[in-house]
Amino acid sequence: MALDRSILRSPVITEKATILREGNTYTFRVDPRANKIQIRQAVESIFEVKVKSVRTLPLPQKKKRQGVAVGMTSKGKKAYVKLRAGDSIELVES
């Protein structure tokens, strides 16, 4: 897998992720096939920061309903990336 932006899909902008940012931990949705080493290298090369640790979490499919229509959410993987002291990432919130 190439070390580029295809590993990091998008930042997670939720209330919990915002609270974690105060502790210098950033949350990203990542490619499900990516391992912790690839995630670390992608974050360090894209944002030019030093990563202290990476924790990953598989996201299972869940059943969702809207009216009578039943569907499934997509599977995925989430990564919690803790940066070294003094480093930070500027995320654009829309």
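The values are calculated or read from the model by the stated rules, or taken from the named source; none is laboratory data. A quick note: this is a predicted structure, and the numbers were derived from the prediction, not measured. Don't worry about glycine lacking a Cβ; one is built from the backbone with ideal geometry, like all the others, and counts go over all protein chains shown.
At a glance:
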{"quantity": "Hits in segment 29-45 - residues which are over 17 Å from Ala17 (Cβ atoms) and not in a loop (DSSP other than H, G, I, E, B)", "calculated": "Lys36, Ile37, Gln38, Arg40, Gln41, Ala42, Glu44, Ser45"}
{"quantity": "Per-region count, segment 69-83, residues of a type in the set (D, E, K, R) and at pLDDT below 95", "calculated": "1"}
{"quantity": "First in segment 58-74 and within 23 Å of Asn35 (Cα to Cα), second anywhere and not β-branched (Val, Ile, Thr), Cβ under 6 Å, 6 or more apart", "calculated": "Pro58/Lys77; Leu59/Gly76; Leu59/Lys78; Gln61/Met72; Gln61/Lys75; Thr73/Gln61; Thr73/Lys62; Thr73/Lys64"}
{"quantity": "Answer from Gln41, Gln66 - the residue that is exposed (fewer than 10 other Cβ atoms within 10 Å of the Cβ) and either at pLDDT 95 or above or among the polar types (S, T, N, Q) (or both)", "calculated": "Gln66"}
{"quantity": "Count of segment 46-88 residues which are closer than 18 Å to Ser6 by Cβ and outside any strand (DSSP E or B)", "calculated": "4"}
{"quantity": "Flag for Thr27 being loosely packed, with under 11 Cβ neighbours inside 10 Å and of a type in the set (Ser, Thr, Tyr)", "calculated": "no"}
{"quantity": "Criterion violated by Glu90 - all others in (1) out of contact with any Asp or Glu (no Cβ under 9 Å at 6 or more places or on another chain); (2) closer than 15 Å to Pro11 by Cα; (3) crowded, with 16+ Cβ neighbours inside 10 Å satisfied", "calculated": "(3)"}
